[in-house]
Amino acid sequence: MTSGRRAMVEDFALAVFLTVVAQVELLDAHRAGSIGQPADMVGPYPFDVVFVGVTTLAVALRRRWPVTVPAAVFAGHVLANLALPHALPFFGCFSALVVLAYTVGRWSAPSTARLGWIGPLAWAATFWVHVPAAQDVWSLAFQLAMLLTPWLAGWTISRLHEQRAALNAALAGLAAAEEENRQSALFAERARIAREMHDVVAHGVSVMVVQAGSARLDLAPEAEAARQSLLTVERTGRQVLNEMRRTVSLLREGDGAAGVAPTPGLADLPALVAVMTEAGLKVELDLPDLHKSGRAPDPGRELTVYRIVQEALTNTLRHAGPTRVTVEVRDSPALSVHISDDGPGHRAPSRHTSGGNGLVGMRERVAMYNGDLDAGPDRRGFTVRADIPWEEYR
């Protein structure tokens with residue numbers, strides 16, 4: 001059952017219940033001449049039956065027409081109050097007026113709901129005309145309190161629901177904006193990685209082209225087939241370089257001098273550490289000599305390690321301030337880097353949230369080589385660990 005159909009069923013059941021109660025009270029009043037109220041509050045029985053029945057049955061339509069139904073009922077009661085004495089069974093009929101006063105405040109439009117006090121006030125101002133017992137200040141105050149309180153409660157609940165809906169809409173918009181910003185940051189970081197990796201790849205392709213050209217010139221005159229193959233390698237390599245330059249030039253538009261500086265690597269880490277030391281960090285760098293270990297240089301992986309260290313040290317300086325940082329680089333069995341600081345990592349959750357642009361860049365770079373990245377607070381501070389497999393271990 002839908003919420004609208006359920007509301008109609010509930011209102012109908014409430015209307016029937018109030019009608020039965022009111023008619024029982026009304027029958028009792030006309031039989032005994034009183035139901036605990038003055039005899040002049042009992043009018044002609046046929047009129048009372050119809051009048052009370054219309055009042056209570058109108059509750060069934062209160063949410064379908066939250067302004068028209070209460071306005072019509074209160075207007076009818078005001079006219080009846082002025083015209084003649086009539087019965088008003090408290091538990092059935094007066095309770096229906098209470099429900100209708102609440103309806104105006106809860107279910108009508110805001111511009112109408114704030115005027116919902118008019119009906120109860122008009123009713124209270126005319127009820128005493130044919131009821132001498134109600135012609136005192138305390139009776140008027142009681143009647144107003146009984147009708148204005150539910151109207152005010154309904155109006156307050158309606159405004160709270162509107163505010164909650166507006167808040168939910170604002171939160172949804174904020175979530176959408178955050179997701180859009182996250183995607184924008186992700187694309188921007190990928191573009192930055194592409195710009196940097198272009199230099200690495202271009203250098204490698206250039207070496208291949210030069211080596212292929214040298215090998216072609218060194219071939220014996222009779223090795224024509226090999227010469228043509230190497231010539232094809234040269235031409236293809238040059239075409240690839242030209243296409244790469246054209247493609248990456250699109251990424252570099254509006255990026256100033258991006259790509260002008262040499263691509264940094266492991267050899268540039270001491271200089272980076274020196275800069276961070278001047279900024280206040282106490283950095284201990286443990287860097288192996290890859291050349292002594294016989295490992296061939298890998299500019300792409302070295303660039304990735306450099307950027308991870310750079311981002312980690314920058315985050316430490318930003319969130320933890322001057323503190324001690326340890327940077328360890330290992331080349332076996334994978335190219336690994338471990339950065340840990342003594343800063344208040346547990347008190348700086350923004351450093352390891354998934355939405356941080358720095359960690360987004362780290363993850364993108366490491367994922368490019370099918371590596372693993374782990375970043376988060378530990379007992380001392382904050383730790384970043386990355387493992388980048390060498391080509392032969394993939």
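Taking the Cβ of K282 as the center, what net charge do the other residues with Cβ under 13 Å away carry, scoring Lys and Arg +1 and Asp and Glu -1?
-3
Could you compute the FRET efficiency for Q211 and A271, with r as their C-beta to C-beta distance and R0 at 51 Å, rounded to 0.05?
0.95
Assigning unit charges at the beta carbon (Lys, Arg +1; Asp, Glu -1) and nothing else, what dipole magnitude in debye, to the nearest 20, does the range 57-200 show about its Cα centre?
Roughly 340 debye for the range 57-200.
What residues have an amide H closer than 5 Å to that of A87, excluding those fewer than 5 places away on the same chain, when H is modeled at 1.01 Å from N in the peptide plane?
It is G43, by chain and number.
Report ³J(HN,Hα) in whole Hz for each residue of the range 317-322, in order, from the Karplus equation J = 6.51 cos²θ - 1.76 cosθ + 1.60 where θ = phi - 60°; Gly and Pro get x.
With the stated coefficients, the range 317-322 comes to 5, 6, 9, 10, x, x Hz.
Compute the long axis of helix 3-32 from its Cα atoms, compare it with the longest principal axis of the Cα atoms of the chain, and write down the angle in degrees, 0 to 90, nearest 10.
Value to nearest ten degrees: 20.
Taking only protein heavy atoms into account and a 1.4 Å probe, give the accessible area per residue of the chain in Å².
Normalised by residue count, the accessible surface of the chain is 54 Å².
Treating only the Cβ atoms of Lys and Arg (+1) and Asp and Glu (-1) as charged, compute the dipole magnitude of the chain about its Cα centre; round to the nearest 20 debye.
Here the size comes out at about 780 debye.
To the nearest 500 deg cm²/dmol, what mean residue ellipticity at 222 nm is calculated for the chain from DSSP H runs of n ≥ 4 alone, each contributing -39,500 (n - 2.57), summed and divided by the residues?
Roughly -21000 deg cm²/dmol at 222 nm, from the helical runs in the chain.
Could you compute the FRET efficiency for S332 and L171, with r as their C-beta to C-beta distance and R0 at 45 Å, rounded to 0.05?
Computed FRET efficiency for S332 and L171 comes out at 0.35.
Dipole of the chain (Lys/Arg Cβ +1, Asp/Glu Cβ -1, origin at the Cα centre): which of A109, P66, T263 lies farthest to the positive side?
Looking along the dipole axis, the top candidate is P66.
For Y45 and A122, what does the FRET efficiency come to when R0 = 22 Å and r is the distance between their Cβ atoms, rounded to the nearest 0.05?
With R0 = 22 Å, the Cβ-Cβ based efficiency is 0.25.
Where does helix 45-57 land angle-wise versus the long Cα axis of the chain, in degrees 0 to 90, nearest 10?
It works out to around 0 degrees.
Show me, for the range 154-167, the HN-Hα J-couplings you get by feeding each phi into the Karplus relation (A = 6.51, B = -1.76, C = 1.60, θ = phi - 60°), rounded to Hz, glycine and proline as x.
Karplus-based 3J(HN,Hα) across the range 154-167 equals x, 5, 5, 4, 4, 5, 5, 5, 5, 5, 5, 5, 5, 5 Hz.
In the set (i) 195; (ii) 268; (iii) 179, which value of volume of the Cα convex hull per residue in Å³ was calculated from the structure you see?
(ii)
Please figure out what share of the DSSP beta bridges in the chain is antiparallel and state it in percent, rounded to the nearest 5.
So the antiparallel bridges amount to about 80 percent of the total.
Counting GluC sites (Glu not before Pro) as exposed when in a DSSP loop with at most 15 other beta carbons within 10 Å, what is the longest stretch of the chain free of them?
So the longest stretch without any such site is 1-221.
The values are calculated or read from the model by the stated rules, or taken from the named source; none is laboratory data. Model, not experiment: these values are computed from the prediction. FYI the Cβ positions are ideal-geometry reconstructions off the backbone, even for glycines, and counts take in every protein chain you see. Just the protein is used for accessible areas: all its heavy atoms, side chains included, with ligands, DNA and RNA removed. Shrake-Rupley method; radii C 1.70, N 1.55, O 1.52, S 1.80 Å.
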